[in-house]
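Let me begin by presenting the structure, written as C-alpha cells, before commenting on it.
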Amino acid sequence: MKITSILGSPRQKGNTAKVLNTIERFITNDNEIERINITDYDINGCLGCSKCQEVLDKPSCIQKDDANNLLEKLIESDLIIYGTPLYGHSYSSQLKTFLDRQVSLFKFIEGKDKAVSEMEMISLIAGKPVILIVTCQGPEENNTEIIKLLFDKYCETSKTISLGKFIIPFCTDDISETKNKSHNVIKKIIQVIQDYQNN
Ligand SMILES: Cc1cc2nc3c(=O)[nH]c(=O)nc-3n(C[C@H](O)[C@H](O)[C@H](O)COP(=O)(O)O)c2cc1C
C-alpha cells in the first residue's frame, strides 16, 4: 500500500513529527511510505481563479509552485495521513494552505450557486481513506471540536473516507512525556491502519 503522510508542522522535530515517525516505523514493513514535510515545499495560497476547473482529469492549478506535484502524489496514494499541531483550534496555517489548494482536485460540475456540499462534483481522490492526527498543548475537550468538524467537512467535500480523527492532548516539549501520553493513541492509529489493510 502506498501511504502518504503529511506533516503540517513547521517543527520537523516537534510533537507531530515524533508521532508520525513512530507510526511510520511500525507500518513500514508492508508499505511504501512517503513523508511530505509541508514546510519543505513552496505552496502558495489559492488564488480563487477557478482555472483548475477547466481541466477535469488532473489538478491543473496555474500557479508554478509545488502544489500540483504534491496533489498528484495524493492521487497516487492508497492512504493519506494528515498530521498537524492544533493552531487556534484549527489546522496549522501551512496545512490549511495546502488543503485550500486541493480545490483543484475537486471539479464542480453543477450547481455553482449552491453550498459546496450540495454541488455536483468529481473528486480526484474520491474513496481514499484518510486519517487526521492532531497534537495539542491543551485537552481534547473544549479545544479540538472545530478541527474535528473541519476534517469531517473536508471528507465530505473530497469524498474521502475518514478512518479516524486522533487527538494527542497535553503534548509538551519533553520527548519522553509526549511519547508517554501519545502511546495509546498511536497504538490505536496503527491498529486502524492494519485493520484497513486486512479488510
Ligand atoms: C500559533 C500556535 C497556536 C496554538 N494553538 C493551540 C490551541 O488552540 N490549543 C492547544 O491546545 N494548543 C495550541 N498550540 C500548541 C500546539 O498545538 C502544540 O504545542 C503542538 O503539539 C505543537 O506541535 P509541533 O511540535 O508538531 O509543532 C498552539 C501553538 C502555536 C504555536
Reported set for region 9-33 where residues are of a type in the set (Val, Ile, Thr) and touching a Gly at 6+ places or on another chain (Cβ under 8 Å) is 16, 19
Which is of a type in the set (Val, Ile, Thr) and in a strand (DSSP E or B), of 97, 84? 84
Contact list, first residue from region 90-110 and under 17 Å from residue 130 (Cβ atoms), second anywhere and assigned to a strand (DSSP E or B) and aliphatic (A, V, I, L, M), beta-carbon distance below 8 Å, six or more apart or interchain, is 95/6; 98/6; 106/121; 106/122
Which number in (1) away from the ligand (no atom under 12 Å from the Cβ); (2) modelled with pLDDT under 95; (3) basic (Lys, Arg) marks the one condition that residue 181 misses? (1)
Got at least one residue in region 142-154 being modelled with pLDDT of 95 or more, near the ligand (Cβ under 8 Å from one of its atoms) and either out of contact with any Phe, Trp or Tyr (no Cβ under 7 Å at 6 or more places or on another chain) or in a strand (DSSP E or B) (or both)? yes
Which members of region 1-37 meet the condition of being within 14 Å of the chain's Cα centre (by Cα), among the hydroxyl-bearing types (Ser, Thr, Tyr) and either away from the ligand (no atom under 14 Å from the Cβ) or in a strand (DSSP E or B) (or both)? 4, 5
Check on residue 128, away from the ligand (no atom under 16 Å from the Cβ) and over 24 Å from residue 21 (Cα atoms): no
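Return yes or no: is residue 114 more than 23 Å from residue 17 (Cα to Cα) and basic (Lys, Arg)? Give the derivation first.
On the way: more than 23 Å from residue 17 (Cα to Cα): yes; basic (Lys, Arg): yes.
Against the criterion (more than 23 Å from residue 17 (Cα to Cα) and basic (Lys, Arg)), residue 114 qualifies.
In region 136-160, how many residues are of a type in the set (Asp, Glu) and touching a Pro at 6+ places or on another chain (Cβ under 6 Å)?
Number of matching residues: 1.
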Filter result for the condition that a residue is surrounded by 14 or more Cβ atoms within 10 Å (Cβ to Cβ), of a type in the set (Gly, Ala, Ser) and not in a helix (DSSP H, G or I), over 138, 164, 127: 164
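Within region 86-122, work out how many residues are in contact with a Gly (Cβ under 7 Å, 6 or more places away or on another chain) and surrounded by 15 or more Cβ atoms within 10 Å (Cβ to Cβ).
Adding up the residues that qualify gives 7.
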Being among the β-branched types (Val, Ile, Thr) and within 16 Å of the ligand (Cβ to nearest atom) is the filter here, so list the residues in region 60-92 that pass it. 81, 84
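The values are calculated or read from the model by the stated rules, or taken from the named source; none is laboratory data. No experiment lies behind these values; they were computed from the predicted model shown. Positions of Cβ are generated from backbone atoms using ideal geometry, with glycine treated the same way; all protein chains shown enter the neighbour counts.
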